[in-house]
Every structure is written in structure tokens, then in C-alpha cells.
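*Asks:* Structure below; questions to follow.
Read-outs: derived from the displayed coordinates by stated rules, not from any lab. Note that the coordinates shown come from a computational prediction; the quantities given were computed from them, not determined experimentally. Cβ: placed from backbone, ideal geometry, glycine included. Neighbour counts: every protein chain shown.
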Amino acid sequence: MIIGSTEYRILHYWLRDNFKMTEVCETCGLNPTTGLDWACIDGKYSKKRSGYKVLCKSCHRRLDYRKTDYCKYGHKRSAENTYSYPPTGKPRSECVVCRKENHAKSNHKKIKET
């Protein structure tokens, strides 16, 4: 199903009308000010409640990007292009190309400010 298509929007209206949305994210347990989304967790986009979770925008984004072979900026995911951290706590990963670009932007701002 193509995200943003009429079929996709109709399904989300149907979910909203037929299932009660929780007030907190089913993954992290937070009640975000940015709202909550219906997230397809089985990839089937069926009309079964078990195929969806109510997620905050952050958890929904993480779930969607985990399903793809590319980071959110289009860089190919691979072992060489993935930086994982921290050694303890909640595991996270980041695209190495994006990480380098963000550090370069950050350092450029610091140089301008001085």
C-alpha cells in the first residue's frame, strides 16, 4: 500500500472509527503532545486490530525505518554505514553518513559563533 494514497487514508479513517486509540504510546508509554499514530506492525494493512499499534511519532518513525534498507535521508543501510550506541541503555543506531554531516554542520555553526 502506498503511504498517502486514498486507500491508505481510508484505512486510517476506518481504524480511527472502529478502534479506540490509547492515550499513550504502546511502545514507550509516553503521552506525547505531538499526537499518536496508528502504525502497521505486520506489513499487511488488514482490518485486524492485532496488526496495528498506537505509537508516538518517534516510535512510529523508528519502526518504519527499521523495515527499510535506507535511512530517512536515503542512505543505504549496511554494517559499514551504521553506527550503534550506547553500549548500555536503550540501543540505538544511526547512519554514519548522516552522523558525519550533522557533526560537520554543528562544527560549522560553532566556528561561525566564535
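*Asks:* Per residue of the stretch 27-37, what does 6.51 cos²θ - 1.76 cosθ + 1.60 with θ = phi - 60° give for ³J(HN,Hα)? Whole Hz please, x for Gly and Pro, Karplus curve as stated.
*Replies:* Those phi angles translate into 9, 9, x, 8, 10, x, 7, 7, x, 10, 10 Hz.
*Asks:* Report, please, the projected area of the stretch 1-67 averaged over directions, based on the convex hull of its C-alpha atoms, in nm².
*Replies:* If you wrap the Cα atoms of the stretch 1-67 in a convex hull and average its projections, you get 4.4 nm².
*Asks:* Further question: Counting only residues 5 or more places away or on other chains, whose amide H sits under 5 Å from the amide H of Thr27 once H atoms are built in the peptide plane?
*Replies:* For Thr27, the qualifying residues are Cys56.
*Asks:* Show me the ranking of peptides 53-61, 19-27 by mean Cβ neighbours inside 10 Å, starting with the highest.
*Replies:* Sorting 53-61, 19-27 by mean packing, highest first, produces 53-61, 19-27.
*Asks:* Take peptides 94-105, 74-85 and line them up by average Cβ neighbours within 10 Å, highest first, as a rough protection proxy.
*Replies:* 94-105, 74-85
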